[in-house]
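The values are calculated or read from the model by the stated rules, or taken from the named source; none is laboratory data. Note that the structure is a prediction, hence the values are computed from the model and not measured. All Cβ positions, glycine included, derive from the backbone under ideal geometry; neighbour counts span all protein chains shown.
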């Protein structure tokens, strides 16, 4: 239990560092702003209590806000992901998955399932994040386009990172 | 009562989610400076320290460009020095200057964190309250304007960059003093747009855009950029002006924070007017 706790903390720090030091510096275009830190929420075990997932997602949002001087913005967006994840998993996962207490990953659930799951929740996260950031409908379509392109990029990065870990696990 | 407890028990996840969501919305839209500043004061020192560590290692890569821009600035300042002018008179008397009183002071600072790709960009610098920086001060680079200070901790400050939806800077066309508001539309960090310039004002490309005399944050006439393209939409009373910014935000390293010594006085006078009507 304690080991698990430290494993999550290490993973959280690692993901935040990757987001801040690598992904945030990509800056290809103002339309491509990938946020991959929600992979932490996506890969929590399916049997984890929903309230704990909600608290953890608000916490990772708070960390992101701290480092990007946007009080409340990432917190609101990742909170939505944390809450709706449990909803989605309750009918997208079989009883067997819950009994085995798996953590959703590309290796366990397959490419199509995982990509769709990531796409859906990333889209939710980015929609909330980008519209809250601009906080007006005056740039509705421009923001919409920004959401779509950033989502595609985020999903791409998340899936590629999963492929890397997938190979590691197979070789063990 | 039992039902109420049962209700809370059944929906505690939703209630937790809702409360936290409400909390983040309150923090997010409290555009009251105090609230925002207090959040950033708690979290900002920690984050800025982290960014400074990262920055101190990555800083070396850009030294050549920084040197070049500082040399250029030195040359420009040297040419403005008194000994660069030919003296046209015989006598020189030193008097206590009562005609010119210093209004603006400049505090130099280094950028420790910056972004240009987001819709709302923020910059962190390594000078703070101890160095005399307060919220709502203007910030410039050696080429042009940079942004406005939003919150300050002991050793660091956060700047709302000109590349931010909430930053509006009062500017004017230099040749005819037609004023407008500089706002970024989020497309390209090299360009911004100047809004609310009346359509009867004659314009041409490459006209200089400078800060206006209405701004309390910037001295009048600081370079901002030049007109890149302009047009008038049918039925619109204003020009649509695309301004090419002089400041290159993606390589920003050294900035100057401007302290307006008379700002308090001017604000007090203008606040008196508000109660007048």
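Name the residue, out of B:125, B:169, that is closer than 26 Å to residue B:203 by Cα and either in the same structural domain as residue B:246 (by TED's automatic domain parsing) or at pLDDT 90 or above (or both).
Answer to the check: B:169.
Only one of (1) surrounded by fewer than 19 Cβ atoms within 10 Å (Cβ to Cβ); (2) farther than 15 Å from residue B:144 by Cβ; (3) touching a strand residue (DSSP E or B) at 6+ places or on another chain (Cβ under 9 Å) is not met by residue B:165, so which one is it?
If we test residue B:165 against (1) surrounded by fewer than 19 Cβ atoms within 10 Å (Cβ to Cβ); (2) farther than 15 Å from residue B:144 by Cβ; (3) touching a strand residue (DSSP E or B) at 6+ places or on another chain (Cβ under 9 Å), just (1) comes out false.
May I ask you to list the residues in the range B:130-153 that are within 11 Å of the chain's Cα centre (by Cα) and either part of a strand (DSSP E or B) or over 23 Å from residue B:73 (Cα atoms) (or both)?
Start the filter on the range B:130-153 by keeping residues that are within 11 Å of the chain's Cα centre (by Cα), which leaves B:135-141, B:144-150.
Scanning the range B:130-153 gives B:135, B:136, B:138, B:139, B:140, B:145, B:146, B:147, B:148, B:149, B:150.
If you check residue A:114 against the conditions, is it modelled with pLDDT of 90 or more, in a helix (DSSP H, G or I) and surrounded by 17 or more Cβ atoms within 10 Å (Cβ to Cβ)?
Judged against the criteria, residue A:114 is a match.
Would you please name the residue that is farthest from residue A:158 (Cα to Cα), looking only at residues in the range A:24-43 that are touching a helix residue (DSSP H, G or I) at 6+ places or on another chain (Cβ under 7 Å) and modelled with pLDDT under 90? Lay out the reasoning, then the answer.
Of all residues in the range A:24-43, those touching a helix residue (DSSP H, G or I) at 6+ places or on another chain (Cβ under 7 Å) come to A:31-42.
Checking the rest, the ones that are also modelled with pLDDT under 90 come to A:31-33.
Details: A:31: 18, A:32: 15, A:33: 14 Å.
Per the criteria, the residue is A:31.
Taking only the range B:230-244 into account, find how many residues are surrounded by 13 or more Cβ atoms within 10 Å (Cβ to Cβ) and either in a strand (DSSP E or B) or touching a helix residue (DSSP H, G or I) at 6+ places or on another chain (Cβ under 8 Å) (or both).
Adding up the residues that qualify gives 7.
More than 14 Å from every other protein chain (Cβ to nearest Cβ) and either more than 30 Å from residue B:153 (Cβ to Cβ) or modelled with pLDDT under 80 (or both), is that true of residue B:77?
The answer is yes for residue B:77.
Where residues in the range B:154-165 are over 9 Å from the mean Cα position of the chain (by Cα) and free of Cβ contacts under 8 Å to residues at least 60 places away in the same chain, which of them is nearest to the other protein chains (Cβ to nearest Cβ)?
Residue satisfying both the conditions and the ranking: B:165.
Would you check which residues across the range A:1-40 are surrounded by 16 or more Cβ atoms within 10 Å (Cβ to Cβ) and in contact (Cβ under 8 Å) with a residue 60 or more places away in the chain and list them?
A:23, A:30, A:31, A:33, A:34, A:35, A:36, A:38, A:39
Restrict the check to the range A:121-139 and report whether at least one residue is within 18 Å of residue A:73 (Cα to Cα), part of a helix (DSSP H, G or I), in contact with a helix residue (DSSP H, G or I) (Cβ under 6 Å, 6 or more places away or on another chain) and free of Cβ contacts under 8 Å to residues at least 12 places away in the same chain.
yes
Residue A:86 - would you say it is surrounded by fewer than 22 Cβ atoms within 10 Å (Cβ to Cβ), free of Cβ contacts under 8 Å to residues at least 12 places away in the same chain and within 14 Å of chain B (Cβ to nearest Cβ)? So that I can check it myself, show each step before the final result.
Details: surrounded by fewer than 22 Cβ atoms within 10 Å (Cβ to Cβ): yes; free of Cβ contacts under 8 Å to residues at least 12 places away in the same chain: no; within 14 Å of chain B (Cβ to nearest Cβ): yes.
When the stated conditions are applied, residue A:86 does not pass them.
Got a sec? Which of B:7, B:17, B:39 is assigned to a helix (DSSP H, G or I), modelled with pLDDT of 75 or more and surrounded by 15 or more Cβ atoms within 10 Å (Cβ to Cβ)? Give the steps one after another, and end with the answer.
On the way: B:7 fails: surrounded by 15 or more Cβ atoms within 10 Å (Cβ to Cβ); B:39 fails: modelled with pLDDT of 75 or more.
Going through B:7, B:17, B:39 in turn, the sole match is B:17.
Among what's in the range A:140-153 and is in contact (Cβ under 8 Å) with a residue 24 or more places away in the chain and within 14 Å of another protein chain (Cβ to nearest Cβ), pick the residue that is nearest to residue A:129 (Cα to Cα).
A:147
Tally time: how many residues in the range B:245-275 are within 24 Å of residue B:68 (Cα to Cα) and in a loop (DSSP other than H, G, I, E, B)?
Total meeting the criteria: 5.
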